[in-house]
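Below is one structure, written out as structure tokens; the observations come after it.
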Amino acid sequence: MKEEVIVAPNPSAVKYSIECLNRRLVKWAMYKFMRFRGHRARAGKWRKELRKEAYIVSALGSWNVSLMAER
């Protein structure tokens, strides 16, 4: 059986993909929420705050999982 070779993605391609997703998320928020309609900067600020909250939640989630594993 052949071994699978895992190749790291090109960093510039990953950065471009993430930026594209961020732009789409801002556009979606401007469509979805009335308070962001016509306010791209406000929607961008919301996206940045959302990213911070997601980081905190993921950090807390991994902390909880590690505590449960110790039991």
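Distance between the pseudo-spin-label points of L50 and K15 (7 Å out from Cα toward the beta carbon): 2.3 nm.
The alpha-carbon of K15 sits under 28 angstrom from the alpha-carbons of these lysines, leaving out residues fewer than 8 places away in its chain: K27, K32, K45, K48, K52.
Just so you know, all these numbers are worked out from the coordinates, no wet-lab data involved. Predicted model, so just to flag it, every value in this text is computed and none were measured. Cβ sites come from the backbone with ideal geometry, for glycine too, and all protein chains shown count toward neighbours.
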